[in-house]
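Visitor: The structure follows.
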Amino acid sequence: MTSVLQVRELRRSFGAVTAVDGVTFDIQPGEVVSIIGPNGSGKTSTLNLVSGVLSPDSGSIALAGRRIENATVEQIAEAGLARTFQNGRVFGTLTVAENVEVGAHSTLTALRPLRGLANVPVLRWISLLAELAVALLPTRAARSEQRRLRADVDQQIERFSARLGPRKSDPAYTLSYANRRRTEIARALAPQPLLLLLDEPTAGMNQTETAEVQRQLAALKAAGQTMLLVEHKLDLVMALSDRVLVMDDGAVIADGDPATVRRDPAVIEAYLGRRRERPARADRSDQSDRLEETESRVGETV
């Protein structure tokens with residue numbers, strides 16, 4: 001089985017600071033992998049490297065077998081990767097439907113004639129003129145693709161129908177913070193990506209809003225969507241993830257199923273600092289009680 005994502009010895013430094021240090025992992029089709037770790041551990045930097053926002057100093061990244069570590073953001077999107085951001089990014093003056101429609105841009109063909117020239121700096125103006133011509137005088141294929149696009153947009157908005165359905169034609173700047181995040185997720189899903197990257201999708205949401213988004217992400221997982229997730233809410237991570245990577249100081253310090261990772265001593269130490277040596281006379285039951293107490297604190301911290 002070909003991995004959806006294969007990352008090998010990924011490194012990136014900013015001056016004297018090593019943000020990502022030799023990160024290696026795979027994601028299989030339909031798998032949900034979460035990255036957790038203390039603030040500044042390299043989680044978002046890893047997502048930025050995978051999605052092309054940053055270029056690695058060394059290492060390799062392959063999406064469905066295609067090397068992408070030197071590709072542009074646009075090329076990576078066309079290869080089948082979509083993402084959301086830690087700080088929600090929507091186009092405020094566009095409607096909800098128009099925001100979602102933007103997400104499908106990388107999949108268009110009839111509405112983007114000569115799209116191959118878009119990545120050639122000297123010739124990209126030709127593809128832009130071709131798009132303008134089709135917009136003014138749409139061909140039969142372009143009209144058909146536009147209808148398909150609108151149906152796809154409606155399908156993504158339907159995932160959040162109770163929240164976004166009634167606001168479909170409203171400008172995004174009129175939405176609540178939570179509904180802007182939902183719009184961003186719907187936009188990322190519009191191209192039906194091979195891999196969906198979610199950077200703290202429930203950040204800033206209350207408990208009810210978080211639970212609602214968790215159910216929607218669980219439905220995506222059940223439908224077979226492959227996801228790479230960065231999230232600080234441990235309950236959501238434990239409920240959704242097939243595997244959890246724990247990062248600290250730019251490196252992966254643990255990789256396994258959620259229950260195993262949660263009990264890993266290195267993970268506990270990363271969140272709470274080095275534990276004091278226990279007295280030699282402490283019996284096993286006392287040690288077990290202390291471990292359970294520490295795990296509980298890890299959950300609250302994450």
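The values are calculated or read from the model by the stated rules, or taken from the named source; none is laboratory data. If you're wondering where the values come from, they're calculated on a predicted model, not measured in any experiment. In this analysis, Cβ positions are derived from the backbone assuming ideal geometry, glycine residues included, and neighbour counts consider all displayed protein chains.
Visitor: Please pick out the residue among Gln146, Gln216 that is part of a helix (DSSP H, G or I) and either assigned by TED's automatic domain parsing to the domain that holds Thr46 or small (Gly, Ala, Ser) (or both).
Guide: Working: Gln146 fails: either assigned by TED's automatic domain parsing to the domain that holds Thr46 or small (Gly, Ala, Ser) (or both).
Just one listed residue meets the conditions, Gln216.
Visitor: Still on this model: One residue is enough: does the stretch 46-62 have a residue meeting the conditions in contact (Cβ under 8 Å) with a residue 24 or more places away in the chain, surrounded by 17 or more Cβ atoms within 10 Å (Cβ to Cβ), outside any strand (DSSP E or B) and over 14 Å from the mean Cα position of the chain (by Cα)?
Guide: There is at least one residue in the stretch 46-62 that is in contact (Cβ under 8 Å) with a residue 24 or more places away in the chain, surrounded by 17 or more Cβ atoms within 10 Å (Cβ to Cβ), outside any strand (DSSP E or B) and over 14 Å from the mean Cα position of the chain (by Cα).
Visitor: Testing Glu69 on (1) assigned by TED's automatic domain parsing to the domain that holds Ala141; (2) at pLDDT 90 or above; (3) assigned to a loop (DSSP other than H, G, I, E, B), one condition comes back false. Which one is that?
Guide: Failed condition: (1).
Visitor: Checking the conditions here, which among Ala97, Ala110 is in the same structural domain as Arg180 (by TED's automatic domain parsing), farther than 24 Å from Glu9 by Cα, in a helix (DSSP H, G or I) and of a type in the set (Gly, Ala, Ser)? Spell out the reasoning first.
Guide: On the way: Ala110 fails: in a helix (DSSP H, G or I).
Every option except Ala97 fails the conditions.
Visitor: Does the stretch 85-106 contain any residue that is charged (D, E, K, R), closer than 25 Å to Glu231 by Cβ and surrounded by fewer than 20 Cβ atoms within 10 Å (Cβ to Cβ)? I'd like the intermediate steps shown before the answer.
Guide: The first filter runs over the stretch 85-106 and keeps only residues charged (D, E, K, R), leaving 89, 98, 101.
With the extra rule that they be closer than 25 Å to Glu231 by Cβ, the set shrinks to 89.
With surrounded by fewer than 20 Cβ atoms within 10 Å (Cβ to Cβ) added as a condition, the list becomes 89.
Within the stretch 85-106 (the criterion being charged (D, E, K, R), closer than 25 Å to Glu231 by Cβ and surrounded by fewer than 20 Cβ atoms within 10 Å (Cβ to Cβ)), the answer is yes, since at least one residue qualifies.
Visitor: Here's another thing I want to ask about it. If you check Phe85, Phe91, which single one turns out to be of a type in the set (Phe, Trp, Tyr) and either under 17 Å from the mean Cα position of the chain (by Cα) or not in a loop (DSSP other than H, G, I, E, B) (or both)? Even if it seems obvious, please write down each step before you answer.
Guide: Working: Phe91 fails: either under 17 Å from the mean Cα position of the chain (by Cα) or not in a loop (DSSP other than H, G, I, E, B) (or both).
Sole residue among the options that is of a type in the set (Phe, Trp, Tyr) and either under 17 Å from the mean Cα position of the chain (by Cα) or not in a loop (DSSP other than H, G, I, E, B) (or both): Phe85.
Visitor: Scan Ser34, Ser41 and give me the residue that is in contact with a helix residue (DSSP H, G or I) (Cβ under 6 Å, 6 or more places away or on another chain), closer than 26 Å to Leu234 by Cβ and hydroxyl-bearing (Ser, Thr, Tyr).
Guide: On the way: Ser41 fails: in contact with a helix residue (DSSP H, G or I) (Cβ under 6 Å, 6 or more places away or on another chain).
Just one listed residue meets the conditions, Ser34.
Visitor: Turning to a different aspect of this structure: I need a count of the residues in the stretch 71-106 that are within 20 Å of Glu145 (Cα to Cα) and of a type in the set (A, V, I, L, M, F, W, C).
Guide: The number of residues fulfilling the criteria is 7.
Visitor: Of all residues in the stretch 167-213, how many are of a type outside the set (S, T, N, Q), under 20 Å from Phe91 (Cβ atoms) and in a helix (DSSP H, G or I)?
Guide: Result for the stretch 167-213: 14.
Visitor: Right, another one. Are there any pairs with C-beta distances below 7 angstrom linking a residue in the stretch 131-149 that is under 14 Å from Leu114 (Cβ atoms) to a residue that is basic (Lys, Arg), with the two at least 6 apart or on different chains, and if so which?
Guide: Glu131/Arg112
Visitor: Here's another thing I want to ask about it. Only one of (1) part of a helix (DSSP H, G or I); (2) over 17 Å from Arg12 (Cα atoms); (3) of a type outside the set (Gly, Ala, Ser); (4) touching a residue at least 40 places away in the same chain (Cβ under 8 Å) fails for Pro38. Which number is that?
Guide: For Pro38, the failing item is (1).
Visitor: Moving on to the next point. Would you be able to say whether some residue in the stretch 2-13 is among the small types (Gly, Ala, Ser), in a strand (DSSP E or B), more than 14 Å from the chain's Cα centre (by Cα) and assigned by TED's automatic domain parsing to the domain that holds Gln214? It would help to see each step written out before you state the result.
Guide: At the first step, the residues of the stretch 2-13 found to be among the small types (Gly, Ala, Ser) are 3, 13.
Checking the rest, the ones that are also in a strand (DSSP E or B) come to 13.
Subset that is more than 14 Å from the chain's Cα centre (by Cα): 13.
When the remaining residues are screened for being assigned by TED's automatic domain parsing to the domain that holds Gln214, the result is 13.
The answer is yes; a qualifying residue exists.
To keep it simple, each residue is scored yes or no on (1) among the acidic types (Asp, Glu); (2) closer than 26 Å to Glu209 by Cβ; (3) buried (at least 16 other Cβ atoms within 10 Å of the Cβ).
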residue	(1), (2), (3)
Lys221	no, yes, yes
Leu228	no, yes, yes
Glu231	yes, yes, yes
Asp235	yes, yes, no
Leu240	no, yes, yes
Val244	no, yes, yes
Gly250	no, no, yes
Ala254	no, no, yes
Pro258	no, yes, yes
